[in-house]
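Here's the structure we're looking at; comments come further down.
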Amino acid sequence: MTIAASPAASGYQSVFAAQLFAGQVVIVTGGGSGIGRCVAHELAHLGAQVVLVGRNSDKLQAVQQEISADGGQASWQACDIRSEAGVTELVQELLARHGRIDALVNNAGGQFMAPLESISAKGWEAVVNTNLTGGFLLARECFKQSMAQQGGSIVNIVADMWGSMPGMGHSGAARAGMVSFTETAAVEWARAGVRVNAVAPGYIASSGMDNYPPEAAGLLRAIPRTVPAGRMGTEAEVSAAVLFLLSPAAAFISGSVLRVDGARPQGRAGWGMQLPDAAARQRPAVQPFAGFHRAQLPRVFQD
């Protein structure tokens, strides 16, 4: 199994042009950890004023301090995105503070491992409200209060739910709903100069894996053998996809889903998995991109 470590560098090693997002105000939900933390760092490195949103104030403040120490601009605001009133008030406060919202990265989410028959209505609703309804509410308010007048870009983080998500059916249903929402919003909001896309991470070596129970460790360590690329992805590889969709280079892309998954959904029963050998893994086209200088390997892979 190969999981890339972050390079020994003094700052984020982005592939994008310096100051690409200078002057832009970008909201990143779930910015206190994992993929959201990485996206926030890269945006700030490229000149954006990043607003970190989540429920855990301590985590948000810690990431804001990291970004400031690296020379970037960031602020944070605690909010439960499942609350319609709370989201409406959040966007109002951010507009009063910054005057505009140029982009939104709907990254907040969460789920737990369970077969369908054991999921209660409360558990189902908690996951759907976080992974679907909360993203819709935030996107709607950003559009109504700001983007309808000035345009903007939205990227929704979904998941590899093609072909189902056994063991996390609540999350699969919510993510599929977010893909449909992405496609619909792209059509309805194009009139205002707003683009809406999604990024679907596959198996990413992110801190979110630290939230799974200890008995899942063996399953997590075996994952790379199910991926044609022969490894897990990095947070920086997901962030690069997000920033591409936010960038001017994606001006004619809307309503699309960009998968970052090493061809994982194309694996088929009856086809012997042919994983890259050591020589193939060293070829430039498939080398892991590890641009996030503060990346942290999940504990399950540190043994």
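Here are the numbers:
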item	result
Difference of contour (0.36 nm per residue) and Cα-Cα distance, residue 266 to residue 69	66.8 nm
Efficiency of FRET between residue 96 and residue 121 - r from beta-carbon atoms, R0 41 angstrom, step 0.05	0.60
Cα long-axis angle, helix 84-98 against the chain (0 to 90 degrees, to the nearest 10)	70
Degrees separating the helix 169-188 axis from the principal Cα axis of the chain, which is the longest one	40
Helix 235-246 vs. the chain, principal-axis angle (Cα, 0 to 90°, nearest 10)	40
Of 33, 199, 138, farthest towards positive along the dipole that unit charges on Lys, Arg, Asp, Glu beta carbons give the stretch 25-254	199
Computed helical MRE - 222 nm, the chain, DSSP H runs ≥ 4 contributing -39500 (n - 2.57), nearest 500	-10000 deg cm²/dmol
Förster radius 25 Å - calculated FRET efficiency between residue 17 and residue 287 (Cβ-Cβ, nearest 0.05)	0.70
Cβ crowding within 10 Å averaged over residues, with 273-286, 223-236 ranked highest first	223-236, 273-286
Pairwise FRET efficiency - residue 89 versus residue 251, Cβ, R0 = 35 Å, nearest 0.05	0.65
Taking N as its residue count, the alpha carbon Rg of the chain over 2.2 N^0.38 Å	0.97
Peptide ranges 143-155, 99-111, 182-194 listed from the most packed, as the mean C-beta count within 10 angstrom indicates	99-111, 143-155, 182-194
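Only the coordinates and a few stated rules stand behind these numbers; no lab work does. None of the values given here were measured: they were computed from a predicted structure. Cβ atoms come from the backbone with ideal geometry, glycine included; neighbour counts cover every protein chain shown.
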